[in-house]
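First comes the structure, then the notes that go with it.
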Amino acid sequence: MEYIFGVLQLLLIIVIIKREYDNKSPVIFMWATLLIMFAIPHFITVLFKSSNYSDSVLFEASVFVTLFCIIYLLSRVLLFKANRIVLNSNLFRIPINKEQIFTILLIGLFLVVAFKFYMIVKTAGSLFSSSWATGREISNSENYLSLSNLILSMYYPFSSVLLLSLINKKRKYVIWSSLIIILCVLVTRNRIEILPLLISYILYYISKGANLSLKKIVYFSFVGLVSMYLIYALLIFRHYGTFGDFISNFEFNDFNSRIFDKVSEGGELNLREVFYYFIENDNNFKDFEKGHTYIRMLLVLIPTSFSFGIKPPDFAITMGAAYMPYLQGFSTHPTLFGDAYANLGVFGCLLGVFWAFFAFFWDNVIRNLKSSLARVMVVVSLCSSYIIIARGSVYNAFAIFIFGLIIIYFYSIVSKIFLSKV
């Protein structure tokens, strides 16, 4: 029976991806990430019994995910119908007489990245002395409503200049925005900041409106493999320490070997193991099955320290304490499925309804936006958040998206004054 459900969860996620692709919905990024991070590795684990966890644990995980997918799919089809295409390249066209918008967005992206570099230099002394630890130090020193956190929220909306440039065939802006994003990621070592680059090139092809042909499947598979390689490469790059250490110790063969060693170990693909661990222990941990992630999402605009105890603590740290209690302050992200299970136990599969509504709501918001500029900024921010949500960092992704929306709103007001109807 475990084989049947192991296959079924994989097939259901593929069906969902096909349907969301046909609708050209941004939520396809969430399900494609779940396919890569959970469905395929879990299927292989069940097939070859290559896990330290028992067959009963793997079976329960398969059943949970199957129910989650069925509930999501039925909710999308029956309750929250989406019959119109969301991502269409024509929706992102900028009038010829409004081309200054590309310059404004590019300058905005440059200033955001420049501020990040300033914070790093201020903390580490120079860019060459910076490391992943520098970013962690900056993050830990900032409060909830700090300028640094606000800048992070601005990064994704402004990085939409790349997608806008691709669709409107502005090669100069494509090159410059790509270079700025790559440079930012190399300096900050923050892997999620590569997402706008990957998303923009994928969305460019999705928004063309063609059916999911074999050629496109090959293309998306290739992009997926390249994306995984880049993500692991950035992780290994982070392990070198400072820029100076990297320059001194870098050897291509060794670097590449480390990447493939990390891939063989599982790395990001092993986050599902945390989900298995929760199942094995029947969620018998402090503050589990209280819906803390979703309560925090509801109260996202209120800092925890100002909520008079109503807003729960960071559930990623709660899960980290359960998984590795000997590491103080450790946080973990067991994919969206694992987070749903930890929040509500077996009833977490009912959250499929929530995510169906979430996708439906934002699909309609995007379709109804009258501004091409606001639309592309929302899409890039939302797609980035969907990938992070699938990884299991649900609240953090949602918070980045919501604060990004606030930036987009005020930016749209200003742009209407100077660049009407864009």
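Put Tyr219, Tyr118 in order of accessible area, highest first, and with a 1.4 Å probe you get Tyr118, Tyr219. Only protein heavy atoms count here; on that basis, with a 1.4 Å probe, Val121 has an accessible area of about 60 Å². If you sort the three axes of the alpha carbon gyration tensor as a ≥ b ≥ c, you get a/c of 1.5 or more for region 252-388 and a/b no higher than b/c, which makes it oblate.
Please tell me which of these pairs span more than 29 angstrom C-alpha to C-alpha: Lys18/Lys286; Lys169/Lys215; Lys122/Lys172; Lys116/Lys290? Mind dumping the intermediate values first?
Working: Lys18/Lys286 39 Å; Lys169/Lys215 22 Å; Lys122/Lys172 32 Å; Lys116/Lys290 36 Å.
The answer is Lys18/Lys286; Lys122/Lys172; Lys116/Lys290.
When the chymotrypsin sites (Phe, Trp or Tyr not before Pro) in region 279-386 are filtered for DSSP coil states and for at most 15 other beta-carbon atoms within 10 Å of their beta-carbon, the remaining sites are Phe308, Tyr326, Phe330.
Taking every protein chain into account, the accessible area of region 1-63 amounts to 40 square angstrom per residue (probe 1.4 Å).
Shape class for region 164-211: oblate, because the ratio a/c of the largest to smallest gyration tensor axis (alpha-carbon atoms, square roots of eigenvalues) is 1.5 or more and b/c is at least a/b.
The values are calculated or read from the model by the stated rules, or taken from the named source; none is laboratory data. All values reported here derive from a predicted model rather than from experimental measurement. Counting neighbours? That spans all protein chains shown, and the Cβs are built from the backbone with ideal geometry, glycine included. The protein model used for the area step is the full one, side chains on, heavy atoms only, and it has no ligands, DNA or RNA in it. Shrake-Rupley method; radii C 1.70, N 1.55, O 1.52, S 1.80 Å.
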